[in-house]
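Here's the structure we're looking at; comments come further down.
Please treat every number below as a calculation from the coordinates, not as lab data. All figures in this text were calculated on a predicted structure; none of them were measured in a lab. Here the Cβ is made from the backbone with ideal geometry for all residues, glycine too, and neighbour counts use every protein chain on show.
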Amino acid sequence: MSNSKTKHLLRLSAFSALVASSVAIPAMAELKEECLFKGEILQKQADTPLQIRFTVINDGENARCRAKRRGARSTIQFKASPDIQALPAGSEVLYRYQQLKDGDVRWELVSAQAPVLLSASR
């Protein structure tokens, strides 16, 4: 594993821990399920909905994530916030999913990062 990949994974782990710990403790009592979904925006086409391929699913701080047991090709649909629509393909996103005991579902965009374009110098 390269040094830059190791640093990236360490930063991501630290960030995930920070995000997970930021959930208010009172909300814990009403949560049935909480997941952190990390993924990448796929190629966008004008006439199709935005698609995100989630590649990492972690438990939330306040509740276990049951989504990890679902099939590898499962599909999830939710209404994304308008600001994510402006992100280019390849952008990394982190979403928090919470299912409350009363059945309500919440999706929250925690972070988004556009891809870094590297230029080749000669």
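Using the average count of surrounding beta-carbon atoms within 10 Å as a protection proxy, the listed peptides 99-106, 39-46 rank, highest first, as 39-46, 99-106. Expected output is a single nm value to one decimal: the length gained when fully extending between residue 75 and residue 109, i.e. 0.36 nm times separation in residues minus the C-alpha distance. What is it? Gain on extension, residue 75 to residue 109, equals 10.5 nm. The distance between label points at residue 116 and residue 47 comes to 3.8 nm (points 7 Å beyond Cα on the Cα→Cβ vector).
Counting Lys and Arg as +1 and Asp and Glu as -1 over every other residue whose Cβ lies under 15 Å from the Cβ of residue 42, the net charge comes to +1.
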